[in-house]
2 protein chains.
Amino acid sequence: MWKAKIIVTYKPGILDPEAKTIQHALGSLGYGNIQDITAGRFFELSLDAGLSQAAAEAQTREICEKILSNPVIQKYSYELSETVL
Amino acid sequence: MWKAKIIVTYKPGILDPEAKTIQHALGSLGYGNIQDITAGRFFELSLDAGLSQAAAEAQTREICEKILSNPVIQKYSYELSETVL
């Protein structure tokens, strides 16, 4: 089985109000030394074992672009690994 | 500077409606071979360079437990690395 670990974050320059809110909350709780925060989404997909690595990668990219991210304002990265049950 | 990459997901057995919705959407778009989906949150924190590794880890864990996750229903994992600017 293929496992794809996907991280979706905002592109640089896109305002991320969630990260700003967390940073503000951390500051008021005494963690003022946190200099920067990125917030994003994490997904793990389990793909069919029958796929070749190239096909599994192509499908992962397609799903990231069509469903899991908004390519206008977000970027994604993924790691694909084969797991033996 | 320390960089902490944090992933927060639901504990096993906790219903994850977002993952179910995504799996359903993938099925209707022709990706019926996706067998399982986990959805979660991703955070990257930049911590002060002055901290020792133990202090940076302790602070990361504290922030995860107090702010970034709900320990009743969620679990977190993190990777800490030192970056030289």
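List of remarks:
- Against the test of being under 21 Å from residue A:9 (Cα atoms), open to solvent by 60 Å² or more (accessible area, probe 1.4 Å), modelled with pLDDT of 90 or more and out of contact with any Lys or Arg (no Cβ under 6 Å at 6 or more places or on another chain), the options B:66, B:5 yield a single qualifying residue, B:5.
- Test: residue B:63 is within 11 Å of chain A (Cβ to nearest Cβ), assigned to a helix (DSSP H, G or I) and under 21 Å from residue A:76 (Cβ atoms): no
- Criterion: within 11 Å of chain A (Cβ to nearest Cβ), in a loop (DSSP other than H, G, I, E, B), closer than 22 Å to residue A:5 by Cα and modelled with pLDDT under 95 - qualifying residue of B:32, B:13, B:50: B:32
The values are calculated or read from the model by the stated rules, or taken from the named source; none is laboratory data. Values in this document were obtained by computation on a predicted structure and should not be read as measured data. Cβ coordinates were reconstructed from backbone atoms using ideal geometry, including for glycine residues, and neighbour counts include every protein chain displayed. To get the accessible areas, we keep the full protein, side chains included, count just its heavy atoms, and leave off ligands, DNA and RNA. Shrake-Rupley method; radii C 1.70, N 1.55, O 1.52, S 1.80 Å.
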